[in-house]
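K.L.:
Structure in C-alpha cells, see below.
Rule-based calculations on the coordinates, nothing more; no lab input. Fair warning: this is a prediction, and the values are worked out from it, not measured in the lab. Reconstructed Cβ throughout: ideal geometry from the backbone, glycine too, with neighbour counts over all protein chains shown.
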Amino acid sequence: MKLFEKALSRRGLIRGSCLVAGAGLISLATGEVAQSQSARTKSSGQPRVLALVGDRFHNPDYIRVSLSKAFKDINASVDYTIEYEKLSTDLLKNYQMLVIFRDGWIWPGGYLGPDAASGYSANLEMPDTFPKSEGVFWITPEQAAAVKGFVNAGGGFYALHNCSHIALSPAAKDYRDVMGGVYISHPPLRPFQVRPTANKHPITDGIEPFMVNDEQHYVTYDKDPKYLLLESENLDGLKFQDLGTKAISGWAYDYGKGRVVFTAVGHTIHAMWNPQYLEIQKRSMQWLLRQI
C-alpha cells in the first residue's frame, strides 16, 4: 500500500497529466500556460499551431490521429483542444496557425449517442423521458472577429472538412468572410474523385486525381474563382439534390497579412490518409506557415 501511495505523489500526478496533454487534447485553462509554452516554442524556432477539433459527429481522437501524419513532417508545435468556448483574440495571439476541424453545433441538452442516424432510443427503457436533443451554434460574434483579426494580422488558417458549417451561424459573418464560403449539405459516404483545378498553386502542383470514399461536401464559395484549387466529382453519375455530381473541394488565398486554406475531404481516416490528399494537407500547412 505504501508503495502505491508513494507512486501517486503530487509530482507523479503532474508528470502524468503532462504526458496525457502531450499525447492528445490539452486544456486551455490558463493564459500563463500558453504564454510559457509560447516562450519555449520561440526559443526552439518552431511555430505554434492551435487545432480546434471534434464535435458530435466527428470524434476528436480520429481527427488527431488523422492529422498526425501531416503534422509529422511539419516543423511546428501543435496543441489540440475541444474547448471551442476558449477561442479568442487573447488565446490566438500565442499561435501562428489555426486549424479548425469541427462543425458549428453544440448540444447543451445532451443527445443519444454520437450518430444521429442510428436508433439509440429504440432500446431505451423509457425513451420519452430523455429530453429532445437540439443543436445550437456555438460561435459568438467576438470569436468570429477573433479569427478574422488573427488572419488579418498574419496568421494562417486551415479550415478542414465540416468547419464550413460554422459559417451558417448568424453570428459568423466575420468567420465566413475570412474562411471564404459556407456549407450546403452532403450525401452519405460514397466514392468520388478529387482533382486539382487549372489554377496553379504550390499546394496542388503535381498532384494527380485521386479517389476517396468519404462525404462529398457541397459548399458555396464566396471569393474569386482564381483561388479554387480542388474539385470533386462522383464518377458514377450520382447526383445530390439539385447540385449535380460536382462540388468545390478546396481553395487557398491571401487574406490581409495572413493566409487561408480550405479542403473539404475528411470524414474518414481512409480518406485523410490517401497519399495524394495527405500531401495536400502537408503542403497546405507549409504554405500557411510560409515554409514553401
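K.L.:
Within 17 Å of the chain's Cα centre (by Cα) and among the β-branched types (Val, Ile, Thr) - does that describe any residue in the stretch 233-256?
P.N.:
The answer is no; no qualifying residue exists.
K.L.:
Can you tell me which of 187, 191 is out of contact with any His (no Cβ under 7 Å at 6 or more places or on another chain), part of a loop (DSSP other than H, G, I, E, B) and surrounded by fewer than 19 Cβ atoms within 10 Å (Cβ to Cβ)? Even if it seems obvious, please write down each step before you answer.
P.N.:
Values: 191 fails: part of a loop (DSSP other than H, G, I, E, B).
Going through 187, 191 in turn, the sole match is 187.
K.L.:
Does any residue in the stretch 70-89 that is farther than 11 Å from residue 49 by Cβ and in contact (Cβ under 8 Å) with a residue 60 or more places away in the chain come within less than 6 Å, Cβ to Cβ, of a residue that is among the basic types (Lys, Arg) and surrounded by fewer than 17 Cβ atoms within 10 Å (Cβ to Cβ) six or more places away or on a different chain, and which pairs are these?
P.N.:
none
K.L.:
Looking only at strands (runs of 3 or more DSSP E) that lie completely in the stretch 194-240, which have at least 2 residues being hydrophobic (A, V, I, L, M, F, W, C) and within 15 Å of residue 281 (Cβ to Cβ)?
P.N.:
210-214, 228-233
K.L.:
Evaluate the following for residue 178: is it touching a strand residue (DSSP E or B) at 6+ places or on another chain (Cβ under 6 Å), in contact (Cβ under 8 Å) with a residue 12 or more places away in the chain and either in a helix (DSSP H, G or I) or crowded, with 23+ Cβ neighbours inside 10 Å (or both)?
P.N.:
For residue 178, the condition - touching a strand residue (DSSP E or B) at 6+ places or on another chain (Cβ under 6 Å), in contact (Cβ under 8 Å) with a residue 12 or more places away in the chain and either in a helix (DSSP H, G or I) or crowded, with 23+ Cβ neighbours inside 10 Å (or both) - is met.
K.L.:
Something else about it: Only residues that are without any contact (Cβ under 8 Å) to a residue 24 or more places away in the chain and of a type in the set (Lys, Arg): list them for the stretch 217-273, please.
P.N.:
Scanning the stretch 217-273 gives 239, 246.
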